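Asker: Let me give you the structure first, and then I'll get to my questions.
Every read-out reported here was derived from the displayed coordinates using simple, explicitly stated rules and does not represent laboratory data. The structure presented is a predicted model; accordingly, all values stated were derived computationally and were not measured. Neighbour counts run over all protein chains shown; Cβ positions are idealised from the backbone, glycine included.
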Amino acid sequence: MTTPLIVTTSWDDGYPADVKTAEVLASCGATGTFYVPTRNAEGRPVLQEETIRELSCRFEIGGHSIDHIVLTGLSPSELDRQVRENKQWLESITTSPVRGFCYVRGRYNAAVTEAVRNAGYAYARTVENLNAGLTGDPYRVPVTLQLYPHSPLAYAKMLRHGGVSVARLKSLWTALSSRDLAQRVERLAMASRAAGGYFHLWGHSWELEELNLWNKLREVLNHLAGDHGAEFLTNHDALVRLRVLER
Ligand SMILES: [Zn+2]
């Protein structure tokens, strides 16, 4: 008997095109988590409060700091404020607990993780790609593949985040075995089934928009649902299902 595949997806930065990402996910029977900063110091617009509320009816909403700034190196009080007030703001909009946090630009250290935990988040997502299984540490949730056509060199550099292991080298090899994103997903999904059944697709709606990757997202989701019989869960519910978190 083959291992069922748990597929979770996540989308960072609260960019307005998240609405379109949500529509594609819903049309394919998929779900996921949107990580939303209060505003974006990089200059990109952020979803309106009413839209965040609407998204929260079907998807999980997670924290991503007030200003979308790198959190390592901030003073303890500013770090705490960035993490805590973004959570309170999102909870006031969604009227439900916000349990997940995504490290801005994937940057974190012990102080950032501690601030995230102290603010009441149950878990935190990294940008550590090429992982087909979980670490068991809820504040270091890895991902499998970003929906973005990275160069082979960029894939190799991903190993700097999260450490080199035989499993990740295998995933790197698998990702590099095709230039087509859908084929990369297909091959990594097969590897995920063999390695524990966890597949985490993530990305940015502004990249999907810039590169017009909407059909590619559809293709990938339909494939995961059809050929792999994937069970789609939010980031939080995938962690519960795979016993990293208690409900
Ligand atoms: Zn971000």
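Asker: Name the most mobile residue of Arg84, Arg184, Arg58, meaning the one with the largest mean-square fluctuation, in a Gaussian network model of the chain with Cα contacts below 10 Å.
Answerer: Its mean-square fluctuation being the largest, the pick is Arg58.
Asker: For Lys170, give me every one of the lysines with a C-alpha distance below 29 angstrom, ignoring sequence neighbours fewer than eight places off in its own chain.
Answerer: Lys157, Lys216
Asker: Continuing with the same structure: What translational diffusion coefficient, to the nearest whole µm²/s, does the range 51-189 have by Stokes-Einstein, given a Kirkwood radius computed over alpha-carbon pairs, a temperature of 25 °C and 0.890 mPa s viscosity?
Answerer: 151
Asker: If you don't mind, another one. Using the number of other C-beta atoms within 10 angstrom as an exposure proxy, rank His64, His228, His150, His161 with the fewest first.
Answerer: Details: His64 27, His228 21, His150 17, His161 14.
By the 10 Å Cβ count, ascending, the order reads His161, His150, His228, His64.
Asker: While we're looking at this one, here's another question. ³J(HN,Hα) across the range 115-127 via Karplus (A = 6.51, B = -1.76, C = 1.60, θ = phi - 60°), whole Hz, x for Gly/Pro?
Answerer: Values per residue, Gly and Pro as x: 5, 5, 5, 5, 6, x, 6, 8, 7, 9, 9, 9, 10 Hz.
Asker: Continuing with the same structure: With +1 on each Lys and Arg Cβ and -1 on each Asp and Glu Cβ, how big is the dipole of the range 6-241 about its Cα centre, in debye rounded to the nearest 20?
Answerer: It works out to roughly 760 debye.
Asker: In whole percent, what relative contact order does the chain give with Cα contacts below 8 Å and a gap of six or more residues?
Answerer: It rounds to 28 percent for the chain.
Asker: Report the rotationally averaged projected area of the range 1-75 based on its alpha-carbon convex hull, in square nanometres. Don't jump to the answer; show the numbers that get you there.
Answerer: Working: hull surface 27.8 nm².
Here the figure is 7.0 nm², rounded to one decimal.
Asker: Bins of 10 Å, beginning at zero and ending with the bin holding the largest distance: percent of Cα pairs per bin for the chain, please.
Answerer: Percent of pairs per bin, in order: 8, 34, 39, 18, 2, 0.
Asker: Enter the angle in degrees (range 0 to 90, nearest 10) between the Cα long axis of helix 76-94 and the first principal axis of the Cα atoms of the chain, meaning the one along which they spread out most.
Answerer: On a 0 to 90 degree scale, this one is about 80.
Asker: Would you tally the net charge around Gly106, using a Cβ to Cβ cut-off of less than 13 Å, leaving Gly106 out, and scoring K and R as +1, D and E as -1?
Answerer: On the way: positive: Arg105, Arg107, Arg125, Arg140, Lys157, Arg160; negative: Asp12, Asp13, Glu128.
Surrounding charge for Gly106 is +3.
Asker: Hey, another quick one. In nm, to one decimal, how far is the modelled label at Ser165 from the one at Ser177, with both set 7 Å along Cα→Cβ?
Answerer: About 2.0 nm separates the two model spin labels.
Asker: Using a 10 Å cut-off on Cβ atoms, rank the peptides 195-203, 94-102 from the highest mean neighbour count down.
Answerer: Details: 195-203: 22.3, 94-102: 20.3.
In decreasing order of mean packing, 195-203, 94-102 become 195-203, 94-102.
Asker: With the dipole of the chain worked out from charges on the C-beta (+1 for Lys and Arg, -1 for Asp and Glu) around the Cα centre, which of Gly14, Ala167, Pro142 lies farthest toward the positive end?
Answerer: In the chain, that residue is Ala167.
Asker: Over the range 174-247, one equal point on each Cα, no solvent: what is log10 I(q)/I(0) by the Debye formula at q = 0.16, 0.20, 0.22, 0.23 Å⁻¹?
Answerer: Those come out to -0.66, -0.97, -1.10, -1.16, one per q.
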